[in-house]
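Trainee: First the structure, which I've put down as structure tokens, then a few questions once you've had a look.
The values are calculated or read from the model by the stated rules, or taken from the named source; none is laboratory data. Please read all numbers here as calculations on a predicted model, not as lab measurements. No Cβ is skipped: glycine too gets one built from the backbone with ideal geometry, and neighbour counts run over all protein chains shown. Note: areas computed on protein heavy atoms with side chains; ligands, DNA, RNA excluded. Shrake-Rupley method; radii C 1.70, N 1.55, O 1.52, S 1.80 Å.
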Amino acid sequence: LTARLSFSPAFPLAPVRRRLFGGFVEHMGRCVYGGIYDPAHPSAGADGFRGDVLALVRELGVTVVRYPGGNFVSGYRWEDGIGPRANRPVRLDPAWHSVETNEVGLDEFNRWTRRAEVEPMLALNLGTRGVQHALDLLEYANHPSGTRLSDFRTANGTPVPHGIRLWCLGNEMDGSWQIGHKTADEYGRLAAETARAMRMVDPGLELVACGSSHSRMSTFGAWESTVLERAIEQIDHISAHAYYAPADDLGSFLASATDMDRMISSVVATADAVAARAGSRRKITVAFDEWNVWHQPSEPPDEWTRAPRISEDTFTVADAVVAGDLLITLLNHADRVAVACQAQLVNVLAPIRTEPDGPAWRQTIFHPFALTARLARATVLRTEFEAPEYDTARYGRVPLVSATVTHQPDGEAVVFAVNRHRHEPIELTVDPAAVAGHAIAEHIVLTDADLTATNTCDAPERVRPRRLSPPPGAAVELPPVSWNALRLR
Ligand code: AHR
């Protein structure tokens, strides 16, 4: 089996937006408590944040981190999480049937983002709250001083404003499971009015309206259309979320990126259609601010507890190949996807796992993310692509190979490619015109004879990327079910 990839630095698609390598920290399960924050852990600093987790977050190359939810945010009172810890209330979190102690709130999270060297992306509660609370939170977070809430922030130990630019206007408001769930019309009006008021304070904010929770929502498309009809002049990005579950049908699972690809194209087409009808020049971009593989949503325990173990999926080699393919898809839409966040960052559906008295380790999905974030630089190129196809139960006939190419001013190009074939290698030829004067200098691959292999606390390095000897010519063999990075120099 053979495939062929052609490209030229003369045909750029878009810059490699660094915000495509985002993550997500939600007050859910052990993502915050027992994940990024655990004062009892030997690696924790005086601020209670785990040093070993911070080191892995930096190694992962995450650039922007969404916080504090997720479903959690739709019932959250941000004021509970500021001020002296002794005065912070303990509350019920209905979204995850958990007890929220509020030990970590906005100020702590922002200190953590500075240590992790990431940009914060803050989500507002538009489930149980509205315009006034959004304005209060904005004043507390970003206003320099001289007002009640900004002076309160200074009194709480943060005189320098957080300077948060990127804000989510709620979370998954299309979902019947969401606290304060709304119709598209109700939400569109609320998003527009919240955005309008926030822009009166700071016109430079970047605002994300909620799109669909997944592409199988019965309202998918119609939701985006109505929300954008109400809010297109006030917002910059519309969100998209997608999680892909491994099933008995491995062929369909390996083609999961097909759904993400179609979802992005549909949302972009809808946004452009709304703009055309409204006579608007706005080019809305997509914030794919939750994406990942998710095995099976796990229910929290019946009793109300702090930081229960929820959705601590142990990812396989096949999951990592799919996650890498999803990143390839995001890069191939870099002209219209402005932000993307793998959900989540630690313990919950996460590239990084921890144990309370033990280590932090890299799950399989850590590797394609870290390598893509490190190697994808400068510009995504347009590609012409010929690949054999296969039939899938979920997505119909799809290519057996997916790929994207990035290119740097110094001439280095990197091809990221996935072979979705379950048994056969595929020979990928990189168009010799594109590599004139170049050679494939490095071939990094993530694959394994056992597609169910995982990394665990006891065997944290069982699955890792390997370097293969680069081929002498312009053709390289992609092993079956593999994620690959090829450096051309
Ligand atoms: O990431 C886990 C959950 O998935 C989020 O809280 C929610 O927004 C989505 O449904």
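Trainee: Provide the solvent-accessible area of F152, counting protein heavy atoms only and rolling a 1.4 Å probe, rounded to the nearest 10 Å².
Mentor: Approximately 90 Å² of F152 is accessible to the 1.4 Å probe.
Trainee: By its C-alpha gyration tensor, with a ≥ b ≥ c as the square roots of the eigenvalues, how is the stretch 225-369 shaped: rounded for a/c under 1.5, else prolate for a/b larger than b/c, else oblate?
Mentor: Taking the square roots of the gyration eigenvalues as a ≥ b ≥ c, the stretch 225-369 is prolate.
Trainee: Stokes-Einstein diffusion coefficient for the stretch 437-489 at 25 °C in a medium of 0.890 mPa s, Rh from the Kirkwood formula over Cα pairs: what value in µm²/s?
Mentor: Estimated diffusion coefficient is 198 µm²/s.
Trainee: List the residue ranges in the chain for DSSP H helices whose C-alpha atoms run 27 angstrom or more along the long axis and whose Kyte-Doolittle average is -0.5 or above.
Mentor: 257-278
Trainee: Using 0.36 nm per residue of separation minus the Cα-Cα distance, give me the extension gain between R85 and T314 in nm, one decimal.
Mentor: 79.1 nm
Trainee: If contacts are Cα pairs under 8 angstrom and at least 6 residues apart, what is the relative contact order of the stretch 29-164 in percent?
Mentor: Answer for the stretch 29-164 is 21 percent.
Trainee: Contact order normalised by length for the stretch 174-276, with contacts defined as Cα pairs under 8 Å and 6 or more residues apart; what percent is it?
Mentor: Computed value for the stretch 174-276: 29 percent relative contact order.
Trainee: Along the Cα→Cβ direction, 7 angstrom out, place labels at N156 and R489. What is the inter-label distance in nm?
Mentor: Reported label-point gap for N156 and R489 is 4.8 nm.
Trainee: With every protein chain present, what is the per residue accessible area of the chain (1.4 Å probe, Å²)?
Mentor: With the other protein chains kept in place, the chain gives 37 Å² per residue.
Trainee: Which value, in debye to the nearest 20, describes the size of the charge dipole of the chain about its Cα centre when Lys and Arg Cβ atoms bear +1, Asp and Glu Cβ atoms bear -1, and nothing else is charged?
Mentor: 1100 debye
Trainee: Another question about this same structure. Expressed as a whole percentage, what fraction of the accessible surface of the chain belongs to carbon and sulfur atoms when a 1.4 Å probe is rolled over the protein heavy atoms?
Mentor: So the carbon and sulfur contribution to the accessible surface is 52 percent.
Trainee: Which shape class applies to the chain: rounded if a/c is under 1.5, otherwise prolate when a/b exceeds b/c and oblate if not, where a ≥ b ≥ c are the square roots of the Cα gyration tensor eigenvalues?
Mentor: Since a/c reaches 1.5 and a/b is larger than b/c, the shape of the chain is classed as prolate.
Trainee: Below 8 Å, C-alpha to C-alpha, sequence gap of six or more: please give me the relative contact order for the chain in percent.
Mentor: Across the chain, relative contact order equals 20 percent.
Trainee: Note the full-extension length gain between D458 and V131 as 0.36 nm times their separation in residues minus their Cα-Cα distance, in nm to one decimal.
Mentor: 112.9 nm
Trainee: For the stretch 73-209, what does the alpha-carbon gyration tensor say about shape, rounded, prolate or oblate, given a ≥ b ≥ c as the root eigenvalues, a/c under 1.5 as rounded, and a/b over b/c as prolate?
Mentor: oblate
Trainee: As an exercise, find the ratio Rg/Rh for the stretch 359-489 from alpha-carbon atoms, using the Kirkwood inverse-distance average for Rh.
Mentor: Taking Rh as the inverse mean 1/r over Cα pairs, Rg/Rh reads 0.98.
Trainee: Say a paramagnetic label sat at a point 7 Å from the Cα of R165, along Cα to Cβ; which residues of the stretch 281-301 have their backbone N under 18 Å from it?
Mentor: Of the residues in the stretch 281-301, 283-289 have backbone N under 18 Å from the label point off R165.
Trainee: Between A222 and H423, what FRET efficiency comes out of the Förster formula 1/(1 + (r/R0)^6) with R0 = 45 Å and r the beta carbon distance, rounded to 0.05?
Mentor: 0.65
Trainee: Using a 1.4 Å probe and ignoring any ligands, DNA or RNA, find the accessible area of S256 and quote it in Å² to the nearest 10.
Mentor: 0 Å²
Trainee: Can I ask one more? What Rg and what Dmax come out for the stretch 182-271 when only alpha-carbon atoms are used, in angstroms?
Mentor: 15.4, 52
Trainee: Can you list the GluC sites (Glu not before Pro) in the stretch 423-489 that are in a DSSP coil and have 12 or fewer other beta carbons within 10 angstrom?
Mentor: E461
Trainee: I want to check the label-to-label distance for E117 and V201. Put each point 7 Å from Cα in the C-beta direction and report it in nm to one decimal.
Mentor: 3.1 nm
Trainee: Pulled fully out, how much extra length does the chain show between A441 and S8, if you take 0.36 nm times their separation in residues and subtract their Cα-Cα distance?
Mentor: Gain in length upon complete extension: 154.1 nm.
Trainee: Can I get the semi-axes of the stretch 133-214's equivalent ellipsoid? Compute them from the C-alpha gyration tensor as square roots of 5 times the eigenvalues, in angstrom, largest first.
Mentor: After scaling each eigenvalue by five and taking roots: 28, 13, 11 Å.
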